[in-house]
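In what follows, a single structure is set out as structure tokens and then discussed.
Any read-out appearing in this document is the output of simple, stated calculations on the displayed coordinates, not a laboratory observation. Remember, it's a predicted structure, so these values are computed and weren't measured experimentally. Note: ideal-geometry Cβ built from the backbone for every residue, glycine included; neighbour counts use all protein chains shown.
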Amino acid sequence: MSARRTERLLNLIFALMSTRRPLRKDQIRAAVPQYRESETDEGFERMFERDKDELRQLGVPLETATLCTGFEDETGYRIDPAAYALPPVRFSAQELAVLGLAARVWQQARLSSAAGRALTKLRALGVEPDEAAIVGIEPRVATSEPAFLRLYEASRDARTVTFSYQGADATTAARRTVDPWRLKSWHGHWYLIGYDHDRAAQRVFRLSRIYGTARLGAPAAHPPPQDLDAVAAIAAAFPTRPPVTITVALAPDCGHVLRQNATRLPGSAPEAIAAALPSGAAGEYPGWSLWRLCGAPDLLLPGLLELGPDAVVLDPPVVRAELVQAVRRVREAHLNRLAEPEEPESGRPPGGPADQRTRPAKRPPIAAADRLGRLLAMVPYLLANPGVEMTRAAQHFEITEAQLVKDLQLLFVCGLPGHLPDDLIDAEWESGRIHLSNADTIAQPLRFGLDEAVTLLAGLRVLQDAPGAADSAIVESATATLTAASETAADTARAVEIAVEPAPDPELSALLTDAVRHQQRLRLTYLVTGRDERTAREVAPMRLLAVHGHWYLEAWCHRAQAVRTFRFDRILAARAVLGDGAPPPQARPTEVSDGVFQASQADEYVDLDISPRARWLVDYYSAEVLGDLPGPPRNGQCIRLRTGETSWLRRLALRLAGDVVVRSPRALTRGVADSATETLSRYAE
């Protein structure tokens, strides 16, 4: 069915591009053989309407005109070859490599289809990209929020949008009407900045807190300010508290993340604890040490909370009181859960799937429109490279030779109206080399659609900030050439800003980038935060990933004998060492379409109740939503995730201070309650 539909769409393009005058529907039905097979007028009408939508989605400029037939006006259709063809621009091999990487930025986002179409059209230019210019770099942006596409459309078309929004501390969602100004990704989250009609002022909305369906309205009446600073707007909308100095006592070999940005203090921790908490017993703290932290309390408290009984806040009293109150919420929520009737344990997934760490994802069946896009790119490429080898052509379009033969067979039966032998595309490939002729109608590459150009331009901006992704001059020249090919996209692209977080340590970033490029073996001191444990690893670097606002090194770990990902900010030390730095043949890149957390047969199911503030867990940990929770607050969820160990979840529940409650397994629920109780005992609670 897909092949027949692709054939019909391609013949429709031939018919509409080969006419100087717009064609009526009855003329189109006669010109395209597949339409003549429709037994009823209604069937043809439905088919034609679907086909028009698919062509426009692909970026084909389908024009309409009113025709006077003598009885009543009718609509005529035509494709202007000049509007169809990509403007006469040339991309260098390095620029094409950079543009390909810019398209892959959206691979796990809701604009991935537009980015994929753009990548296909780039292949029509016939220039082999210089992949050496971008080796080992994979920045990605995620847009899993349901409202993203509608808000993008509103920003693109400058239209008012209405949606339900629930703030972090609200118990219900409220209706908001907004003129959108900017979509901005920042610290792994997407925000909408715009003019709020209900507040008559600029407001910022986090997309993960938008519920239900966003609806487009009238043209926006309030244009964005010329000097709009998206980062400043987000920072002003979600301010942090003034910085304070916190004194904390830490248990031996604990709190490694906190220690990285803290100052060791002299003195006896047991004595300091006894002085600050007279009811505490100093003898319970052998080997503890004192540390000073400086920063906003709302940023430091989560890190202190997750340490549970292994950290004691001594000063200031107001921060200590906040921590105690948060731990009380955790204990109460989990004790209440334990008081409820016991549910069946989630346990280990029966017959769980094979380890996904190194297994590529299965590709879904290709849609007719996607295949059509490839064929429209393939024809210009084959005409520009007569006699190209089958193997090379298949590699260029990232398909198998068997699929390439099927594509050539389909091209062979398409062509101009009449469909006599001289009207059809002539293709020959029996010799192992491809020769194509009689395809002048679609000999030019199809121009970029607006959404396609926007994804590329936004992706190019990401590359300007990515560590070692590409030479800035190449990115700038690719941006200039693309803008010349799609002038209207530049303004629209400003409505979508992606920010890849800068690498936390420029020196470390440079070391890792060089190691990836030159296959240098590395020795890492790596912090496993789930266990609060420092580990030593020797790795063969594979690539750098940016996922959910964090940078990762993907490498073959010699200790685990498997591919692993290492977050930049958890690499405590790294240096090049002697030894083979090339990954072994069995090392395969991790499929990160659903994030860096991968399932395995040894995993257990864990069910969590989460508040609206913790809904980010769904995307970050690739969790399954089991259902909604009764309020208040509204829009809480029960989710299920898979994990190879559960110790980190105890720390997570403490860190999120009641926004996450472990539903099952019950032993983990009890473990969180016990950790909270032990923590409170440190403060004589």
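Taking packing as the residue-averaged number of other Cβ atoms within 10 angstrom, the listed peptides 504-513, 225-234 run from highest to lowest as 504-513, 225-234.
Coupling constants for region 547-558 follow from the phi torsions by the Karplus curve (6.51 cos²θ - 1.76 cosθ + 1.60, θ = phi - 60°), and in residue order they are 9, 6, x, 10, 9, 10, 9, 9, 8, 7, 8, 5 Hz; glycine and proline get x. Note on L416, L323, L67: ascending count of other Cβ atoms within 10 Å places them as L67, L416, L323, the fewest first. Model label sites at R90 and D169, defined 7 Å from Cα along the beta-carbon direction, differ in position by 6.2 nm.
With N set to the residue count of region 506-576, report its C-alpha Rg divided by 2.2 N^0.38 Å to two decimal places.
0.99
Using Cβ contacts closer than 10 Å as the measure, can you line up S144, S647 from fewest to most? Please list the in-between numbers first.
Details: S144 19, S647 15.
So the ranking, lowest neighbour count to highest, is S647, S144.
Comparing Cα centroids, region 165-243 and region 427-477 end up 34 angstrom apart. Per the helix-only calculation at 222 nm, which mean residue ellipticity applies to the chain, given -39500 (n - 2.57) for every DSSP H run of n ≥ 4 and division by its residues, nearest 500 deg cm²/dmol? That calculation yields -11000 deg cm²/dmol at 222 nm.
Label-to-label distance, E398 versus R46, with points set 7 angstrom from Cα along the beta-carbon direction: 3.5 nm. Could you work out Rg/(2.2 N^0.38 Å) for the chain, with Rg from alpha carbons only? Compactness ratio reported: 1.12. Give the residue from T213, V248, A427 lying farthest towards the positive end of the charge dipole for the chain; charges sit on Cβ (+1 for Lys and Arg, -1 for Asp and Glu) and the dipole is referred to the Cα centre. The one lying farthest along the dipole's positive direction is V248. Approximating the spin labels as points 7 Å out from Cα along Cα→Cβ, the S477-to-A582 distance works out to 3.1 nm. Using Cα pairs under 8 angstrom and six or more residues apart, how large is the relative contact order of region 3-79, in percent? Relative CO of region 3-79 lands at 36 percent. Each peptide in 532-539, 214-221 receives the mean, over its residues, of other Cβ atoms within 10 Å, and ordering these scores from highest gives 532-539, 214-221. Above 14 angstrom, tally the Cα pairs of region 3-79 and express them as a % of all pairs, no decimals. That fraction is 60 percent.
Suppose every Lys and Arg Cβ carries +1 and every Asp and Glu Cβ carries -1, with no other charges. What dipole size does the chain come out with about its Cα centre, to the nearest 20 debye? Display every interim value, and only then the final one.
On the way: 80 positive and 87 negative charges, 209 e Å.
Here the chain has a charge dipole of around 1000 debye.
With both residues required to sit in the chain, DSSP beta bridges show an antiparallel share near 95%. Relative contact order of the chain: 18 percent, from C-alpha pairs under 8 Å at least 6 residues apart in sequence.
Quick one: if the Förster radius is 60 Å, what FRET efficiency do A510 and D73 give, using the C-beta to C-beta distance and rounding to 0.05?
Numbers: r = 67 Å, r/R0 = 1.11.
My answer for the efficiency is 0.35.
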